[in-house]
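Comments concern the structure below.
The values are calculated or read from the model by the stated rules, or taken from the named source; none is laboratory data. Note that the coordinates shown come from a computational prediction; the quantities given were computed from them, not determined experimentally. As a convention, Cβ positions derive from the backbone with ideal geometry for all residues, glycine included, and neighbour counts pool all protein chains shown. For the accessible areas, the whole protein counts, side chains as well, though only heavy atoms, and no ligand, DNA or RNA atoms are used. Shrake-Rupley method; radii C 1.70, N 1.55, O 1.52, S 1.80 Å.
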Amino acid sequence: MPTLAHHKRRRAEFLNSLDGPVLLFAGGWMSRNYPANWWPFRADSTFLFFFPDPEPNAAALFDPKDGSVTLFLDERTQQDALWHGSVPSFADIKKALGVTEVQNRSELGKLVKKQAGRRKVQSLAVADSLTTAEAAAITGEALDFRSPAAIGDAALLAKIASLRMQRSAEELVDMRQAAKITHEAHVLAMAHTRPGLYEQELAGQVEGTFARHGCRPAYNTILSVRGEVLHNTHHHNLMMATDLVLLDAGAEVRSGYCADVTRTWPVSGTFSPEARDIYDVVLAAEKAAIEAVKPGVRYRDVHLTACRTIAAGLAQLGLLKGSPDALVESGAHALFFPHGVGHVLGLDVHDMEAFGDQIHYGKGRSRSQQFGTAYLRLDLDLQPGMCFTIEPGIYFVPAILRDAEFRKQWKGMVDFKLAETFLTMNSMRGFGGIRIEDDVLCTETGAEVLTQSIPKERIAIEALVGSAAR
Ligand code: GLY
Ligand code: MN
Ligand code: MN
């Protein structure tokens, strides 16, 4: 967990960047059904960036005029002590968190008004809509978490993003910890794989590992023999010996920092010739993309490096026809690699995605309209300290490869007949998909792969799969 000094430094950096008061919210409990049956509380990531272990309903006013940070917390009641245990007093919290003042949350509107006077107060929308409505009522802003244009003032988002985009040494300690626990989960899932199990039994190994380490999944675990369904989050399928299983899962540690890792392996423990060939192309693309990472490089070029490697590999296998450059130019590769090569990673698995492309694309850059590349979530010039994923994949998606318009558009560049054999192999269940995803830190000279130790070479994977059952 980052230290008090770390959080104080981050708050000071934020205060220094501001020219007016800013009110941040942790968000409150969200109910599963009846009001007191809650989902596990998870504070808004910007709030979590400045404060460790935030309480539900916490709010904080940052005032650059006097350099104060006032925390607002729910009153300590006997009823809360009875049901949830007693919590530290305001005085203890003030000392532990090094804030200027801790005030009663029930007075929030009044106290913010008193501190701000005639000055305009800005805030941010959070996932909890009740809290967002309260923020909007206090500040008079039109806030809406679902729209990047309404999540908060664009200049304020840019200030927050410039802090959240650069991982400090202390934040990296936690990201490495998340990577380590994620390693354990992936290896355990590989080791327990055998034909005849349901996916949920492996998902249990993964999420049990996270829980044993006091972590939770950073996002809904994707564990599926239907790897071509990019975000497939149910685990009901029976795993057959001829299936590939794709696991995309990452731990979130107590501070909120997380990992996001994908590995794909054969349920039988041995890659079929087709799976081996496709796997090698994805792995080559992943390695080439990682190799391309260094300060100053545009992330879109990292993406295009992966695209060209995939195009070259698929051309060699006969699925595509033409030069890698021409194939990528035309977008033909995207019929098999229909998403971007990655995204920023930090406190959110798609870090600050809610802030929109204004944060993730450089000035004057906007999303491509081309199928596939349109899903690229990041297009900044890389800087040391940035963390992001690299996650190319090859998928055989019936809805894409049998699309009449696509077949017409890429006739002559794609061997749709050969692709059809991938859609119908494995007793008509199809090939599925392969993705390989690692978490990368841009360093002064290149890339450090935070998740490097998680096996991805075919030989290492084959040795591991099923080893717990042998
Ligand atoms: N785990 C979701 C993603 O890789 O983007
Ligand atoms: Mn990812
Ligand atoms: Mn992922």
Residues with amide H under 5 Å from that of ALA218, placed H, sequence gap 5 or more: GLY250, ALA251, GLU252
Relative contact order in percent for the range 40-144 (Cα pairs under 8 Å, 6+ apart) equals 20 percent
Just how large is the dipole of the range 314-470 about the Cα centre, in debye to the nearest 20, putting +1 at every Lys and Arg Cβ and -1 at every Asp and Glu Cβ? 820 debye
Could you list, in their original order, any pairs among LYS180/LYS294; LYS8/LYS363; LYS8/LYS159 whose Cα atoms are separated by more than 19 Å? LYS180/LYS294; LYS8/LYS363
Taking the radius of gyration and the Kirkwood hydrodynamic radius from Cα positions alone, what is the Rg/Rh ratio for the range 120-260, to two decimal places? 1.11
Yeah, the range 302-344 with a ≥ b ≥ c from its alpha-carbon gyration tensor (a/c under 1.5 is rounded, else prolate when a/b outruns b/c, oblate otherwise) is prolate
For the range 220-270, inverting the pair-averaged 1/r of distinct alpha-carbon atoms gives a Kirkwood value in Å of 11.8 Å
Hull volume in cubic angstrom per residue (convex hull over the Cα atoms of the range 176-259): 76 Å³
Dipole magnitude of the range 362-435 about its Cα centre (Cβ charges: Lys, Arg +1; Asp, Glu -1), debye to nearest 20: 160 debye
Cα-based Rg and Dmax for the range 64-178, where Dmax is the largest Cα-Cα distance (Å): 16.9, 45
I'd like to compare 454-467, 169-182: which one has the highest average count of other Cβ atoms within 10 Å, and what's the full order after that? 169-182, 454-467
Computed over the chain: longest principal axis from alpha-carbon atoms vs helix 129-139 long axis, angle to nearest 10 degrees, is 50 degrees
Estimated FRET transfer efficiency when R0 is 25 angstrom, pair VAL87-TYR34 (beta carbons, to 0.05): 0.60
For the range 304-424, diffusion coefficient by Stokes-Einstein and Kirkwood Rh (Cα), 25 °C, 0.890 mPa s, µm²/s: 159 µm²/s
At 1.4 Å probe size, what's the solvent-accessible area of GLU291? Round to the nearest 10 Å². 150 Å²
Descending accessible area (1.4 Å probe), largest on the left, turns MET428, MET1, MET352 into MET428, MET1, MET352
Classify the range 214-359: rounded, prolate or oblate, from the alpha-carbon gyration tensor (a ≥ b ≥ c, eigenvalue square roots; a/c under 1.5 rounded; otherwise prolate if a/b is larger than b/c)? oblate
Distances longer than 21 Å among the Cα atoms of the range 1-146: what percent of all pairs is that? 43 percent
Suppose R0 equals 45 Å; then what is the FRET efficiency for ALA154 and SER272 from their Cβ-Cβ distance, rounded to the nearest 0.05? 0.35
Answer rounded, prolate or oblate for the range 92-134, using the Cα gyration tensor with square roots of eigenvalues a ≥ b ≥ c: rounded when a/c is under 1.5, else prolate when a/b is larger than b/c, else oblate. oblate
Roughly how large, in nm² to one decimal, is the mean projection of the convex hull of the alpha-carbon atoms in the range 405-449? 5.9 nm²
The simple spin-label model distance between GLN409 and ASP280, using points 7 Å out along Cα→Cβ, in nm, is 3.1 nm
Along its three principal axes, how long is the chain when you only count alpha carbons? Whole Å, largest extent first please. 71, 51, 42
Rounded to the nearest Å, what's the spacing between the alpha carbon centres of the range 169-194 and the range 384-433? Just the number, please. 29 Å
Using the alpha-carbon atoms, what tilt in degrees (0 to 90, nearest 10) does helix 4-17 show relative to the longest principal axis of the chain? 80 degrees
Report the label-to-label distance for GLU329 and LEU130 in nanometres (one decimal), using points 7 Å from each Cα along the Cα→Cβ vector. 5.8 nm
Please give the residues of the range 169-197, grouped as numeric ranges, whose backbone N is less than 18 Å from a label point set 7 Å along the Cα-to-Cβ vector of ALA468. 180-197
Could you work out the helix-only [θ] at 222 nm for the chain, with each DSSP H run of four or more residues adding -39,500 (n - 2.57) and the total divided by the number of residues, to the nearest 500 deg cm²/dmol? -11000 deg cm²/dmol
Work through the residues other than HIS84 whose Cβ is under 13 Å from its Cβ and net out their charges, Lys, Arg +1 and Asp, Glu -1. -2
Principal-axis tilt of helix 199-212 within the chain, Cα atoms, nearest 10 degrees: 40 degrees
Considering only the other residues whose Cβ falls under 12 Å of the Cβ of GLY393, what net charge follows from Lys and Arg at +1 and Asp and Glu at -1? -3
Give me the distance in nm between label points sitting 7 Å out from Cα along the Cα-to-Cβ direction at LYS65 and LEU18, one decimal. 1.2 nm
